[in-house]
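Contents: one structure, followed by commentary.
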Amino acid sequence: MQIYLKFYMKIKFGEELFISLKKMSKFRNILVHQYEQIDAEIIVTILKKYPGDFDRFKEAILEYLKTLQK
């Protein structure tokens with residue numbers, strides 16, 4: 001099971017971020033398994049289009065961890 005799915009089920013960080021992370025996971029699989037077919041311009045475009053997704057995921061995890069400390 002993908003890590004983003006485990007966190008989504010546990011901390012409910014929002015459907016929009018979940019969908020974005022799911023797409024990133026699929027893209028990662030393409031990068032790893034079909035890297036010879038990847039266009040560098042596509043990678044740059046994706047990274048520019050969704051720069052905040054990693055930060056939003058990090059913040060969701062940090063917020064969840066704060067709830068565990070209470």
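The values are calculated or read from the model by the stated rules, or taken from the named source; none is laboratory data. All values derive from a computational prediction rather than experimental measurement. Methodologically, a virtual Cβ is constructed for each residue, glycine included, from the backbone with ideal geometry; neighbour enumeration extends over all protein chains shown.
Candidates are the residues of segment 60-70 that are over 17 Å from residue 6 (Cβ atoms) and modelled with pLDDT of 80 or more; the one that is surrounded by the fewest Cβ atoms within 10 Å (Cβ to Cβ) is 69. Counting only residues that are out of contact with any helix residue (DSSP H, G or I) (no Cβ under 9 Å at 6 or more places or on another chain), surrounded by 10 or more Cβ atoms within 10 Å (Cβ to Cβ) and either over 30 Å from residue 14 (Cβ atoms) or at pLDDT below 80 (or both), segment 30-50 holds 1 of them.
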